[in-house]
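The structure appears right after this line, and notes come after that.
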Amino acid sequence: MAKLKLGVLISGSGTNLQVLIDACATAGYPAEIALVISNKATAGGIARAEAAGIPVAVISHKDFDGREAFDDAMHEKLTEAGVEFICLAGFMRILSDRFIERWHDRMINIHPSLLPAYRGLDTHARAIADGVRFAGCTLHYVRPDLDNGPIIAQAVVPVLPDDTPDTLAARIQVQEHRLYPAIVRLIAEGKVTVEDGRVVYGGGVDLGENLTDITSPRT
Ligand code: GRF
């Protein structure tokens, strides 16, 4: 079966990109990365893509007059590269509604909170300040409403008494790295659909022991 062609959008260190690169390199993984786009020339993720021989485009939002023009340039590069599905992995620009609609149900994001709590930025500091006992990450489809698309999967971690935003972020990232490639696999296998704004896992999904705690299948 043909592999799902991914486009990965980054702005930073790219550790989530790295786990996707690693997953795509394993035998039988049903997706491949056709293009990485960074809006920052200094993003650490660029070197990760280059080391794996994956085409990278640096498209700076600063070179464009407005959000839509920047997004159009990305859209063109993505379609040129044959990208079928977008993974946002630490991409720090708000996307235009037009771009998001073009990639409806074909674009997902990893967000470092248990949505719908803590949309937006500084999720770890806000969670610590509120004294919540649990935090985590959410993989969700992207909709024009920021951090508010259908939830695909979540992972939960404890918030410990002496946590700093950095220690909490590191604990959550371990889960991000587990979730992202596992769920991209299910999506590439056609086992994840959106019905009435909620994610449904198709029949025959073998979640396996290591996934039962990070997904909430409704079969
Ligand atoms: C992740 O923690 C993710 O939750 C957020 O941005 C961060 C990106 O980290 N959306 P990295 O660039 O993948 O290391």
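Pull out all pairs, ordered by first then second residue, where Cβ-Cβ is under 6 Å, the residues are six or more apart or on different chains, the first lies in the range 162-176 and is in the same structural domain as Phe134 (by TED's automatic domain parsing), and the second is open to solvent by 20 Å² or more (accessible area, probe 1.4 Å) and within 13 Å of the ligand (Cβ to nearest atom). Correct list of pairs: Pro165/His124; Leu168/His124; Ala169/His124; Ile172/Pro112.
From Met107, Met92, grab the single residue that is modelled with pLDDT of 95 or more and surrounded by fewer than 17 Cβ atoms within 10 Å (Cβ to Cβ).
Numbers: Met107 fails: surrounded by fewer than 17 Cβ atoms within 10 Å (Cβ to Cβ).
Within the list Met107, Met92, the selection yields Met92.
Please determine whether any residue of the range 5-18 is more than 18 Å from the chain's Cα centre (by Cα), open to solvent by 20 Å² or more (accessible area, probe 1.4 Å) and away from the ligand (no atom under 13 Å from the Cβ). So that I can check it myself, show each step before the final result.
Within the range 5-18, the subset more than 18 Å from the chain's Cα centre (by Cα) is none.
Checked against the condition, which is being more than 18 Å from the chain's Cα centre (by Cα), open to solvent by 20 Å² or more (accessible area, probe 1.4 Å) and away from the ligand (no atom under 13 Å from the Cβ), the range 5-18 yields no hits at all.
Checked against the criterion of being crowded, with 17+ Cβ neighbours inside 10 Å, within 16 Å of the ligand (Cβ to nearest atom), among the aliphatic types (A, V, I, L, M) and part of a helix (DSSP H, G or I), the candidates Ala47, Ala73, Ala23, Ala43 yield just one match: Ala23. For Asp71, indicate whether it is of a type outside the set (A, V, I, L, M, F, W, C) and under 30 Å from Gly190 (Cα atoms). Spelling it out, Asp71 is indeed of a type outside the set (A, V, I, L, M, F, W, C) and under 30 Å from Gly190 (Cα atoms). For Ser96, the requirement of being of a type in the set (Ser, Thr, Tyr), touching a residue at least 24 places away in the same chain (Cβ under 8 Å) and either in contact with a Ser or Thr (Cβ under 9 Å, 6 or more places away or on another chain) or more than 14 Å from the ligand (Cβ to nearest atom) (or both) is met.
The values are calculated or read from the model by the stated rules, or taken from the named source; none is laboratory data. Since we're looking at a predicted model, the values are computed, not measured. For neighbour counting, all protein chains shown are included, and Cβ atoms are generated from backbone atoms with ideal geometry for every residue, glycine included. When the accessible area is computed, the model is the full protein with side chains, heavy atoms only, and any ligands, DNA or RNA have been set aside. Shrake-Rupley method; radii C 1.70, N 1.55, O 1.52, S 1.80 Å.
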